[in-house]
Amino acid sequence: MTESDTVKRQRVYYVKIPIGFSYLLSPTQERFLIHMVDFDYLKRYGNDINWSKAEYMKRMGLTEYAFDRAAKKLVQMGLIDKSVNEAGNRVYYSLNKPVYDRLGVILSSTRNVNRLISFCETKFMKENRDIMSITDEELEELELHH
């Protein structure tokens with residue numbers, strides 16, 4: 001085994017995942033989104049990720065029911081985009097990076113877990129707010145209550 005073989009085997013990459021996902025997403029939605037971040041990484045480096053739904057499900061380790069529910073919720077939240085080819089027989093999913101990055105900012109705005117949970121429940125569940133609608137002023141308020 002050469003040194004380059006060892007380097008190739010040890011090559012590991014990491015993706016940025018905000019810790020507070022669990023305050024907003026179900027474990028299945030979180031799993032789906034983590035894989036979408038991975039697929040976005042692969043796409044940026046020239047890999048073809050125009051897979052079938054079955055391939056997405058296999059790579060995510062999700063049943064069709066779990067996949068459909070998670071996809072529906074993440075599309076509603078704006079975290080992923082769903083598109084269909086011209087023939088209408090294939091669905092494509094992609095990460096909405098600006099929304100994902102904004103969610104990271106929101107979830108990193110405080111270390112006070114109770115405050116973050118309350119904020120997420122109020123803004124996203126009760127008020128049914130969009131991630132991008134959260135203002136910097138609201139985040140400053142969240143930050144001040146460490």
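Quick one, which of [x] 51, 17, 16; [y] 27, 19, 12; [z] 30, 22, 13 is the actual semi-axes √(5λ) of the Cα gyration tensor in Å calculated for this model?
[z]
Could you give P(r) for the range 22-95, binned at 10 Å from zero, as whole percent values over all Cα-Cα pairs?
Reading upward from the zero bin: 19, 57, 23, 1.
How much length would be gained if the chain were fully extended between Asn114 and Asp101, taking 0.36 nm per residue of separation minus their Cα-Cα distance, in nm to one decimal?
Length gained between Asn114 and Asp101: 2.5 nm.
Which lysines, on any chain, are close to Lys43 with Cα under 19 Å apart, when same-chain ones fewer than 8 places away are left out?
Straight-distance partners of Lys43: Lys16, Lys53, Lys58, Lys82, Lys97.
In degrees, nearest 10, range 0 to 90: what is the angle between the Cα axis of helix 27-44 and the longest Cα principal axis of the chain?
60 degrees
Under the Karplus relation 6.51 cos²θ - 1.76 cosθ + 1.60, θ = phi - 60°, what is the ordered set of whole-Hz ³J(HN,Hα) values for the range 68-73, x standing for Gly and Pro?
My calculation for the range 68-73 gives 4, 5, 5, 4, 4, 5 Hz in order.
In Å and on Cα atoms, what radius of gyration and Dmax does the range 87-144 show?
14.4, 51
If r is the Cβ-Cβ distance from Lys16 to Ala87 and R0 is 25 Å, what FRET efficiency results, to the nearest 0.05? Don't skip to the answer; put the middle values down first.
Numbers: r = 35 Å, r/R0 = 1.41.
Between Lys16 and Ala87 the formula returns 0.10.
Values in this text are rule-based calculations from the coordinates and carry no lab data. Please read all numbers here as calculations on a predicted model, not as lab measurements. Glycine gets a Cβ as well: all are built from the backbone with ideal geometry, and neighbour counts include every protein chain shown.
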